[in-house]
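Q: I have a structure here, written as structure tokens, and I will follow up with some questions on it.
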Amino acid sequence: MIQDKLYDVLVVGGGNAALCAAVTARERGASVILCEHAPRGLRGGNSRHTRNLRCAHDEPTDVLTESYGEDEYIKDLLRVTGGITNERLARMTIRESKFVTPWMYENGVRFQPSLGGTLSLSRTNAFFLGGGKALVNAYYARAEQLGVDIHYDTEVLSLDIQDGFFSGAEVDSRGFGARVRAKSLIVAAGGFQGNIEWLKEAWGPAAENFLIRGTPYNRGRMLRQLLDNGADPIGDPTQCHAVAIDARAPKFDGGIVTRLDCVPFSVVVNQACERFYDEGEDVWPKRYAIWGRLVAQQPGQIAYAIIDSKALDLFMPSVFPPVEAGTIEDLAGKLGLDAAKLRGTIDGFSGALRPGSFDSTKLDDCRTEGLDPPKTHWARAIDTPPFYAYPLRPGVTFTYLGVRVDEKARVQMGDGKPAANMLAAGEVMAGNILGKGYLAGTGMTIGTVFGRLAGEEAARYVNA
Amino acid sequence: MSTLETTPSLVALAQGLEADTLAEARRTMEVCNACRYCEGYCAVFPAMELHRQFSDADLVHLANLCHGCKGCYYACQYAPPHPFGLNVPRTFADLRRESYEAFAWPAPLARLFQRNGLFVSLATAVALIVTMALSTLLISPERLFGVHRGPGSFYSVVPYDVMVWVATLTFGFAVLALGMGLRNYWATAGRKAIGWKSLALALHDALTLRHLSGGGHGCNDTDEGFTQGRRWLHQAMMWGFLLCFASTSVATVYDHLLGWIAPYSWYSLPVLLGTVGGVGLTVGSGGLFWLKLRTDPEPLSPRNLGMDAGLLALLFLVATTGLALLFFRHTSAMGMLLVIHLGVVLAFFLTLPYGKFVHGIYRFAALVRDHADCRAGDSA
């Protein structure tokens with residue numbers, strides 16, 4: 001039951017940013033209520049699916065190797081965003097990132113000493129032991145211990161905002177309507193990628209075929225409320241971060257295991273059995289994020305990555321077994337494609353191959369000539385049965401539209417002034433820094449830094 | 001990749017294991033292998049990463065390598081209510097129990113693993129009834145309820161030959177059956193070549209319970225929080241058991257080789273070892289049972305609870321009746337306490353190869369294979 005009392009802080013959302021904010025505000029003496037839309041077993045928003053955060057550091061730490069300075073970090077960030085970044089906020093976030101891992105440790109988060117697997121990010125990114133859900137568990141335990149009032153299954157329906165001033169919220173808590181009164185508001189409720197109707201505003205009916213990699217609870221209701229109440233928007237409302245994932249993934253929450261790393265070693269065709277992009281343009285970590293959009297532009301928003309048995313062991317195993325057949329024609333039959341056309345595409349590809357020495361670990365010299373589009377690396381004949389196919393669909397990670405904030409995490413209103421008692425952290429404001437593209441682990445960095453800032457600022461406001 | 005896919009005993013193994021448990025374990029590992037977020041917790045996940053496909057033998061190996069720390073359950077983004085519904089600790093606990101059954105020797109007794117809690121309870125009850133009934137029938141009340149002092153006082157209640165023969169036969173059979181089980185296990189889920197180094201590393205892991213440290217921060221003993229409680233309680237129990245075993249071994253040497261007849265003084269080696277061991281065993285088994293009552297049941301296999309509780313209860317009884325015998329050995333209660341203690345020890349020996357105790361044997365084998373696999377991987 002939600003108590004009828006005046007809280008100092010209402011935190012909307014239940015992922016990393018929300019928890020960092022709630023813990024920080026509570027540590028500073030504020031009374032805090034946190035409303036998480038998901039039930040307890042699915043708490044934590046998209047943080048549940050994360051694994052690491054990107055930290056600047058001047059020397060090796062217990063969880064990070066070598067050094068990763070502010071300038072290198074900002075350069076990496078500007079490269080992926082193409083400059084669509086508020087550099088002042090970005091630099092502040094990067095400087096703060098140097099101090100977050102000890103704070104996280106104090107609050108129960110545990111890190112992996114170093115990583116053995118296929119990712120080699122141990123210089124730039126600190127990996128949570130057990131991943132994002134373990135991190136979320138630690139923060140919830142800490143928040144409970146501090147006395148944050150946590151309500152699961154509790155969706156905030158509407159915010160009472162008068163002239164940019166927040167006074168309370170209508171919520172649905174386990175099916176019962178209630179009103180929460182609070183002196184300040186921290187919105188850390190994510191983007192709107194779980195809201196297919198909203199995605200359709202930008203993408204049209206194609207969005208029906210998008211898969212959502214993360215939580216179904218990020219429906220953008222808080223983002224819409226803030227924008228409708230005069231908050232200044234930031235980020236392209238039509239854009240989302242989308243990668244190509246296995247088409248057999250569940251509609252929501254498929255997470256990391258639906259990822260497919262086979263594209264560079266494959267030939268990718270659409271429903272018409274036509275290739276549409278250079279599969280071998282660059283190493284996969286640098287290209288996987290463009291393939292979501294590429295597949296989204298194909299008829300039916302589906303494509304098929306086709307390999308032969310030579311390539312099967314070159315990439316991380318994925319959770320769904322590939323479709324397998326002894327001949328290209330049989331494979332086409334199993335995929336529902338036109339056998340003759342697929343045969344033609346594969347033959348056309350094979351005929352355009354230049355001799356080269358194949359090396360899966362670097363940009364090799366195996367390429368096509370006179371083919372449109374070309375395949376510029378790792379181009380080898382698809383000739384050794386059995387043949388395999390992985391169906392691909394766009395998997396949406398997050399949306400870019402958010403609210404503009406200042407360096408204290410205060411929501412900026414359309415008149416250019418910060419709201420007095422409304423703050424934002426996490427995906428709902430990440431567009432200030434990540435206007436385009438994505439740099440691994442920065443979402444969690446922004447969430448942690450701005451979550452803590454928002455918690456501090458809310459506590460400062462109510463204690464003033 | 002596993003070198004064991006063609007091992008002929010796999011067919012037999014697959015018949016002994018329930019197909020759906022293996023299928024669930026395979027599905028689980030395929031999801032885990034595409035995720036790998038848990039690789040910092042224990043040896044299971046790095047071992048899993050050596051494979052792309054999982055043979056039945058690989059799954060049995062991984063299940064027995066799992067120490068049930070439950071870190072991967074609470075960290076799992078695919079745990080229920082996620083539609084994938086992964087539960088690695090429970091799935092592996094089920095597969096472990098079925099593997100105990102599949103490897104048990106002689107095969108007709110394998111069924112004792114199916115309702116193991118009931119079997120262990122009945123075996124204990126029967127052993128106690130038989131020993132108590134026989135003693136009251138065969139031992140005169142003056143001896144049974146008399147006060148005995150000095151060397152040989154135990155034997156004036158239960159004759160020396162009876163004790164030696166019953167212990168030798170039952171314990172000897174248990175060792176044989178455990179050894180044959182290990183042989184069956186290794187033929188299926190072991191590997192051909194192992195080095196001394198792998199054995200030594202596995203011994204180190206087993207004696208320190210390294211994989212109950214959950215990557216260094218403890219296990220999820222009762223919920224999402226990490227503590228070292230279960231590890232320390234298991235250490236108390238395991239070392240307590242080993243000390244009691246050492247106590248018995250020293251006493252055997254004293255008695256049979258040196259002619260120093262039991263009971264021994266408080267400060268003698270067997271009594272010191274036995275007292276410390278008994279206290280460790282009592283605290284460890286009692287504490288683990290208490291943890292089991294408090295813990296979140298989701299990541300546990302409900303079908304294993306009887307087996308788990310059975311061994312804990314039996315070890316608790318062995319330790320407490322042994323300590324009671326020590327404290328009251330100069331009173332008239334000694335006779336009956338001795339009979340009860342021997343009855344419990346008899347039950348422990350009889351059920352040894354057909355209960356939770358086998359987990360120690362197979363897990364050690366899994367640790368040895370794991371180190372051998374890792375070393376083979378390093379040199380490859």
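The values are calculated or read from the model by the stated rules, or taken from the named source; none is laboratory data. Just so it is clear, the model here is predicted, and its values are computed rather than measured. Here the Cβ positions follow ideal geometry from the backbone for every residue, glycine too, while neighbour counts run over all protein chains shown. The accessibility values were calculated without ligands, DNA or RNA, using every heavy atom of the protein model including side chains. Shrake-Rupley method; radii C 1.70, N 1.55, O 1.52, S 1.80 Å.
Q: I need a count of the residues in the range B:37-68 that are outside any loop (DSSP other than H, G, I, E, B) and at the interface with chain A (Cβ under 9 Å from one of its Cβ atoms).
A: Result for the range B:37-68: 5.
Q: Here is a check on your reading of the model: is B:Ile129 open to solvent by 30 Å² or more (accessible area, probe 1.4 Å) and outside the structural domain of B:Thr21 (by TED's automatic domain parsing)? Walk me through it before giving the result.
A: Working: open to solvent by 30 Å² or more (accessible area, probe 1.4 Å): yes; outside the structural domain of B:Thr21 (by TED's automatic domain parsing): yes.
Yes, satisfied.
Q: Still on this structure: Against the conditions (1) among the β-branched types (Val, Ile, Thr); (2) under 18 Å from B:Cys69 (Cα atoms); (3) surrounded by 18 or more Cβ atoms within 10 Å (Cβ to Cβ), where does B:Thr321 fall short? Just the number, please.
A: (2)
Q: Let me ask you something else. How about the range A:356-369: which of its residues are in contact with a helix residue (DSSP H, G or I) (Cβ under 9 Å, 6 or more places away or on another chain) and open to solvent by 20 Å² or more (accessible area, probe 1.4 Å)? Steps first, please.
A: First, pick out the residues of the range A:356-369 that are in contact with a helix residue (DSSP H, G or I) (Cβ under 9 Å, 6 or more places away or on another chain): A:360, A:368.
Once the filter is applied, which keeps residues that are in contact with a helix residue (DSSP H, G or I) (Cβ under 9 Å, 6 or more places away or on another chain) and open to solvent by 20 Å² or more (accessible area, probe 1.4 Å), the range A:356-369 yields only A:Ser360.
Q: Give B:Gly310, B:Gly287 a once-over and let me know the one that is touching a Gly at 6+ places or on another chain (Cβ under 6 Å) and closer than 27 Å to B:Asn64 by Cα.
A: B:Gly310
Q: Right, another one. Which of (1) within 22 Å of B:His148 (Cβ to Cβ); (2) open to solvent by less than 30 Å² (accessible area, probe 1.4 Å); (3) at pLDDT below 95 is the odd one out, the single condition B:Ala333 does not satisfy?
A: In the conditions (1) within 22 Å of B:His148 (Cβ to Cβ); (2) open to solvent by less than 30 Å² (accessible area, probe 1.4 Å); (3) at pLDDT below 95, B:Ala333 misses (2) alone.
Q: Here is a further query. Kindly state which strands (runs of 3 or more DSSP E) lie completely within the range A:356-464 and contain at least 1 residues that are in contact (Cβ under 8 Å) with a residue 60 or more places away in the chain and out of contact with any strand residue (DSSP E or B) (no Cβ under 7 Å at 6 or more places or on another chain). Can you show your working first?
A: On the way: elements: A:387-399, A:410-412, A:418-424.
It comes to none.
Q: Go through the range A:310-350 and give me each residue that's closer than 18 Å to A:Glu279 by Cα, without any contact (Cβ under 8 Å) to a residue 40 or more places away in the chain and within 14 Å of another protein chain (Cβ to nearest Cβ).
A: Within the range A:310-350, just A:Asp313 meets the criteria.
Q: Applying the selection to the range B:100-122, what residues are within 10 Å of B:Gly310 (Cβ to Cβ) and open to solvent by less than 40 Å² (accessible area, probe 1.4 Å)?
A: If the condition is that a residue be within 10 Å of B:Gly310 (Cβ to Cβ) and open to solvent by less than 40 Å² (accessible area, probe 1.4 Å), then B:Asn116, B:Gly117, B:Val120 are the ones that fit.
Rundown of residues vs (1) within 18 Å of the chain's Cα centre (by Cα); (2) modelled with pLDDT of 95 or more; (3) away from every other protein chain (no Cβ under 14 Å); (4) surrounded by 24 or more Cβ atoms within 10 Å (Cβ to Cβ), yes/no style:
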residue: A:Lys5; (1), (2), (3), (4): no, no, yes, no
residue: A:Gly15; (1), (2), (3), (4): yes, yes, no, yes
residue: A:Leu19; (1), (2), (3), (4): yes, yes, no, yes
residue: A:Ala22; (1), (2), (3), (4): no, yes, yes, yes
residue: A:Arg26; (1), (2), (3), (4): no, yes, yes, yes
residue: A:Gly29; (1), (2), (3), (4): no, yes, yes, no
residue: A:Ile33; (1), (2), (3), (4): no, yes, yes, yes
residue: A:Arg40; (1), (2), (3), (4): no, yes, no, no
residue: A:Gly45; (1), (2), (3), (4): yes, yes, no, yes
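Q: Conditions first: (1) closer than 23 Å to A:Leu363 by Cα; (2) more than 23 Å from the chain's Cα centre (by Cα). A:Pro299 passes all but one, so which condition is the exception?
A: (1)
Q: List the pairs whose first member sits in the range A:47-63 and is under 24 Å from A:Met92 (Cβ atoms), whose second member is acidic (Asp, Glu) and open to solvent by less than 30 Å² (accessible area, probe 1.4 Å), and whose Cβ atoms are under 9 Å apart, counting only residues at least 6 apart or on separate chains?
A: Partner pairs satisfying both residue conditions: A:Arg54/A:Asp76.
Q: Then there's this: Name every residue in the range B:133-164 that is part of a helix (DSSP H, G or I) and either under 30 Å from B:Tyr362 (Cβ atoms) or small (Gly, Ala, Ser) (or both), in order of residue number. If you could, list the steps in order and put the result at the bottom.
A: Taking the range B:133-164 first, the residues part of a helix (DSSP H, G or I) are B:133-138, B:141-144, B:160-164.
Those that are part of a helix (DSSP H, G or I) and either under 30 Å from B:Tyr362 (Cβ atoms) or small (Gly, Ala, Ser) (or both): B:Ala133, B:Ser135.
Q: Of all residues in the range B:220-236 being assigned to a loop (DSSP other than H, G, I, E, B) and without any contact (Cβ under 8 Å) to a residue 40 or more places away in the chain, which is farthest from the chain's Cα centre (by Cα)?
A: Residue satisfying both the conditions and the ranking: B:Gly225.
Q: Sticking with this structure for a sec: When residues of the range B:200-235 are filtered for being open to solvent by 50 Å² or more (accessible area, probe 1.4 Å) and among the β-branched types (Val, Ile, Thr), how many remain?
A: The number of residues fulfilling the criteria is 1.
Q: For A:Ile84, are the conditions met, namely being open to solvent by less than 20 Å² (accessible area, probe 1.4 Å), farther than 22 Å from A:Glu456 by Cβ and under 20 Å from the mean Cα position of the chain (by Cα)? Give the derivation first.
A: Details: open to solvent by less than 20 Å² (accessible area, probe 1.4 Å): no; farther than 22 Å from A:Glu456 by Cβ: yes; under 20 Å from the mean Cα position of the chain (by Cα): yes.
Taking the combined requirement at face value, the residue does not satisfy it.
Q: Another question about this same structure. Against the condition surrounded by fewer than 18 Cβ atoms within 10 Å (Cβ to Cβ), away from chain B (no Cβ under 14 Å), in contact with a strand residue (DSSP E or B) (Cβ under 8 Å, 6 or more places away or on another chain) and outside any loop (DSSP other than H, G, I, E, B), how does A:Glu201 come out, does it pass? Before you say what the answer is, go through the steps one by one.
A: Values: surrounded by fewer than 18 Cβ atoms within 10 Å (Cβ to Cβ): yes; away from chain B (no Cβ under 14 Å): yes; in contact with a strand residue (DSSP E or B) (Cβ under 8 Å, 6 or more places away or on another chain): no; outside any loop (DSSP other than H, G, I, E, B): yes.
It is false that A:Glu201 is surrounded by fewer than 18 Cβ atoms within 10 Å (Cβ to Cβ), away from chain B (no Cβ under 14 Å), in contact with a strand residue (DSSP E or B) (Cβ under 8 Å, 6 or more places away or on another chain) and outside any loop (DSSP other than H, G, I, E, B).
Q: Select, from A:Ser184, A:Ser167, A:Ser173, the only residue that is open to solvent by 20 Å² or more (accessible area, probe 1.4 Å) and at pLDDT 95 or above.
A: Numbers: A:Ser184 fails: open to solvent by 20 Å² or more (accessible area, probe 1.4 Å); A:Ser173 fails: open to solvent by 20 Å² or more (accessible area, probe 1.4 Å).
One residue alone meets the criteria, A:Ser167.
Q: With the condition being among the β-branched types (Val, Ile, Thr) and more than 12 Å from every other protein chain (Cβ to nearest Cβ), I'd like the strands (runs of 3 or more DSSP E) fully within the range A:93-193 carrying at least 2 qualifying residues.
A: Values: elements: A:125-127, A:149-151, A:154-162, A:165-173, A:176-187.
Once the strands (runs of 3 or more DSSP E) in the range A:93-193 are filtered for at least 2 residues that are among the β-branched types (Val, Ile, Thr) and more than 12 Å from every other protein chain (Cβ to nearest Cβ), what remains is A:154-162, A:176-187.
Q: Identify, from the list A:Val243, A:Val269, A:Val295, the residue that is under 30 Å from A:Arg404 (Cβ atoms) and open to solvent by less than 10 Å² (accessible area, probe 1.4 Å). First the steps, then the outcome.
A: Working: A:Val269 fails: under 30 Å from A:Arg404 (Cβ atoms); A:Val295 fails: under 30 Å from A:Arg404 (Cβ atoms).
After ruling out the rest, the residue left standing is A:Val243.
Q: Test each condition in (1) within 14 Å of another protein chain (Cβ to nearest Cβ); (2) open to solvent by less than 10 Å² (accessible area, probe 1.4 Å); (3) among the hydrophobic types (A, V, I, L, M, F, W, C) for A:Ala303 and report the one that comes out false.
A: (1) is the only condition that A:Ala303 fails.
Q: If you don't mind, there's one more thing I want to ask. Which of the residues spanning the range B:168-199 are loosely packed, with under 12 Cβ neighbours inside 10 Å and not β-branched (Val, Ile, Thr)? Before you say what the answer is, go through the steps one by one.
A: In the first step, residues of the range B:168-199 are kept if they are loosely packed, with under 12 Cβ neighbours inside 10 Å; the result is B:168-169, B:172, B:192-193, B:196-197.
Of everything in the range B:168-199, those that are loosely packed, with under 12 Cβ neighbours inside 10 Å and not β-branched (Val, Ile, Thr) turn out to be B:Leu169, B:Gly172, B:Lys192, B:Ala193, B:Trp196, B:Lys197.
Q: Determine which member of the set B:Trp239, B:Trp260 is aromatic (Phe, Trp, Tyr), surrounded by fewer than 21 Cβ atoms within 10 Å (Cβ to Cβ) and part of a loop (DSSP other than H, G, I, E, B).
A: Details: B:Trp239 fails: part of a loop (DSSP other than H, G, I, E, B).
Exactly one of B:Trp239, B:Trp260 is aromatic (Phe, Trp, Tyr), surrounded by fewer than 21 Cβ atoms within 10 Å (Cβ to Cβ) and part of a loop (DSSP other than H, G, I, E, B), namely B:Trp260.
Q: If you don't mind, there's one more thing I want to ask. Can you tell me which residue among A:Thr118, A:Thr124 is open to solvent by less than 30 Å² (accessible area, probe 1.4 Å), β-branched (Val, Ile, Thr) and either within 30 Å of A:Ala420 (Cβ to Cβ) or modelled with pLDDT under 95 (or both)? Steps first, answer last, please.
A: Numbers: A:Thr118 fails: open to solvent by less than 30 Å² (accessible area, probe 1.4 Å).
Checking each option against the conditions leaves just A:Thr124.
Q: Among helices (runs of 4 or more DSSP H) lying entirely in the range A:259-351, which contain 3 or more residues that are at pLDDT below 95 and outside the structural domain of A:Ala440 (by TED's automatic domain parsing)? Before you say what the answer is, go through the steps one by one.
A: On the way: elements: A:284-296, A:328-335, A:339-351.
In the range A:259-351, the matching helices (runs of 4 or more DSSP H) lie at A:284-296.
Q: Could you say which residue among B:Leu233, B:Leu242, B:Leu201 is touching a His at 6+ places or on another chain (Cβ under 6 Å), on the phi < 0 side of the Ramachandran plot and more than 14 Å from chain A (Cβ to nearest Cβ)? Break it down into steps so the answer makes sense when it comes.
A: Values: B:Leu233 fails: touching a His at 6+ places or on another chain (Cβ under 6 Å); B:Leu242 fails: touching a His at 6+ places or on another chain (Cβ under 6 Å).
Within the list B:Leu233, B:Leu242, B:Leu201, the selection yields B:Leu201.
Q: Hey, among A:Thr215, A:Thr238, which residue is within 14 Å of another protein chain (Cβ to nearest Cβ) and farther than 22 Å from A:Arg380 by Cα? Let's see the steps before the verdict.
A: Working: A:Thr238 fails: within 14 Å of another protein chain (Cβ to nearest Cβ).
Unique residue meeting the criteria: A:Thr215.
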